[in-house]
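Every number here is computed from the coordinates shown, using simple stated rules; none is lab data. What you see is a predicted model, and the numbers here were worked out from it, not measured in a lab. Here the Cβ is made from the backbone with ideal geometry for all residues, glycine too, and neighbour counts use every protein chain on show.
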Amino acid sequence: MKWRREQYLDLMTFGHAPRPMFSELFGPLIGLAEEWRAQGATEDEIAMTGFDWDYVPFVDCGGICGPFNVPDSVVLEETDAYRIERDYLGRTVKLCKGTATIPLPLDFPVKTMDDWQKIRPLYAFCEERIDPGAVQRARAAQAEGAIVRCEIPGGWDTARELMGEEAACLAYYTQPDLMHSILETLRDTSTRVLERVAEKVTIDQLYAHEDMAGKSGPLIGPQQVTQFVAPYYRACWELVSSRGTRLFNQDSDGNMTAVINAFLDCGVNVMHPFEPAAGMDIVAVRKRYGNRLAVLGGIDKHVLRRSKAEIDRELEYKMQPLMRAGGTVFGLDHRIPNGTPLENYRYYVERGREILGLPPRDPAARGWGRMAL
């Protein structure tokens with residue numbers, strides 16, 4: 001089912017949505033398509049369009065808050081197995097073609113305040129960050145039922161991209177002025193972009209990518225969130241929420257339990273993808289935070305490689321009435337892993353629809369959008 005803007009906003013703010021929403025958030029990992037073709041998958045199933053997933057169209061707002069006017073990447077070496085490039089930040093990055101879609105940085109450009117000042121112009125505000133034509137197209141798409149989204153750079157993610165995880169974690173203690181400077185620049189640029197865009201179109205969803213946690217918890221704690229990230233997040237959220245924005249969605253893998261409260265205090269009211277393998281449980285989150293936090297995902301992707309009885313138990317628990325009362329997009333907690341039998345995935349789709357009271361999927365229906373974005 002294709003959802004309209006108003007329906008999706010009502011769902012995610014615990015209003016009167018037409019029914020539960022069941023979607024595929026991310027799609028398959030590299031290599032799964034070949035496995036499924038060997039098991040008889042149709043090309044529509046490979047493309048995800050054959051599963052009749054719920055989705056709502058998203059459109060970017062027309063303003064860019066992240067790095068801008070960046071240099072093109074330069075390929076340094078390429079084989080059938082990998083590609084090494086110099087990227088837009090001047091990093092040497094390596095992409096392993098058979099297993100990854102995101103290249104791994106081999107070095108980082110920022111170690112000191114002087115390093116940051118050299119690269120800071122990529123993050124500084126300029127009027128060219130706003131594309132008036134794109135803003136108008138976003139407004140027109142919104143009138144047709146699309147969600148207008150604006151992405152702001154992650155408060156943690158930006159430091160990690162510039163410095164690497166270890167150096168960024170240490171810098172909160174050894175170079176706090178550097179961390180404040182990075183975040184103050186993000187705040188200045190993002191709020192100025194948001195202010196100009198919000199004059200022309202209502203931004204429905206603010207979005208930040210962080211990926212700041214693993215199985216043992218987040219790489220920074222609530223104190224660092226409050227001291228460093230919160231002023232940036234709050235400035236952005238207060239500006240757009242006063243202009244009608246209703247959703248602030250944060251993307252982070254891993255176990256975010258220790259910092260959920262801190263981010264809620266910053267304005268975040270939607271999070272994803274809630275990985276059970278990292279200890280996240282959307283039912284426990286709902287019981288603790290109620291209507292303060294909407295969720296996307298949370299269904300254990302690894303269960304799909306087990307028995308149908310285990311799939312049943314996972315779905316019956318995650319799709320219980322508490323979670324069907326709004327504020328949830330039901331879906332897997334990340335990409336569909338290799339080794340997932342096509343038969344099990346089809347069963348997961350049909351069984352989930354049955355539990356949620358949805359009609360059987362229509363093989364003739366088409367359309368799929370990554371709901372997490």
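Two decimals, Cα atoms only, Kirkwood Rh: what is Rg/Rh over the range 188-323?
Details: Rg = 16.6 Å, Rh = 16.1 Å.
Ratio value, two decimals: 1.03.
Hey, what angle do you get for helix 308-318 against the long axis of the chain, alpha-carbon based, 0 to 90 degrees rounded to 10?
So the helix axis and the longest Cα principal axis differ by about 60 degrees.
Cα centroid distance between the range 25-89 and the range 296-373, in Å?
The range 25-89 and the range 296-373 have Cα centres separated by 21 Å.
Provide, for q = 0.09, 0.12, 0.14 Å⁻¹, the log10 of I(q)/I(0) from a solvent-free Debye sum over equal Cα point scatterers in the range 1-126.
For the range 1-126, the Cα-only Debye profile gives -0.50, -0.82, -0.97.
Which order do the peptides 191-200, 69-78 take when ranked by the mean count of other beta-carbon atoms within 10 Å per residue, highest first?
On the way: 191-200: 19.1, 69-78: 11.3.
Taking the mean over residues of other Cβ atoms within 10 Å, the ranking is 191-200, 69-78.
Once you have a ≥ b ≥ c as the square roots of the Cα gyration tensor eigenvalues for the range 306-373, tell me rounded if a/c is under 1.5, and otherwise prolate or oblate according to whether a/b is larger than b/c.
Judged from the Cα gyration tensor, the range 306-373 comes out rounded (a/c under 1.5).
Taking Rh as the Kirkwood radius computed over C-alpha pairs, what is the Stokes-Einstein D of the chain at 4 °C in a medium of viscosity 1.567 mPa s, expressed in µm² per second?
On the way: Rh = 21.7 Å.
In µm²/s, the coefficient is 60.
Principal axis extents for the range 196-262, Cα atoms only, whole Å, descending order, please.
Principal-axis extents of the range 196-262 (Cα, largest first): 43, 22, 16 Å.
Rounded to the nearest 20 Debye, what is the dipole magnitude of the chain about its Cα centre when Lys and Arg each give +1 and Asp and Glu each give -1 at the C-beta?
Numbers: 44 positive and 53 negative charges, 198 e Å.
With only Lys, Arg, Asp and Glu charged at Cβ, the dipole is about 940 debye.
Which angle between 0 and 90 degrees, to the nearest 10, do you get for helix 230-241 versus the longest principal axis of the chain when only C-alpha atoms count?
Approximately 60 degrees, to the nearest 10.
With 17 Å as the cut-off, how large is the P(r) tail for the range 71-145, expressed as percent of Cα-Cα pairs? Please list the in-between numbers first.
On the way: 1756 of 2775 pairs.
So the portion of pairs separated by more than 17 Å is 63 percent.
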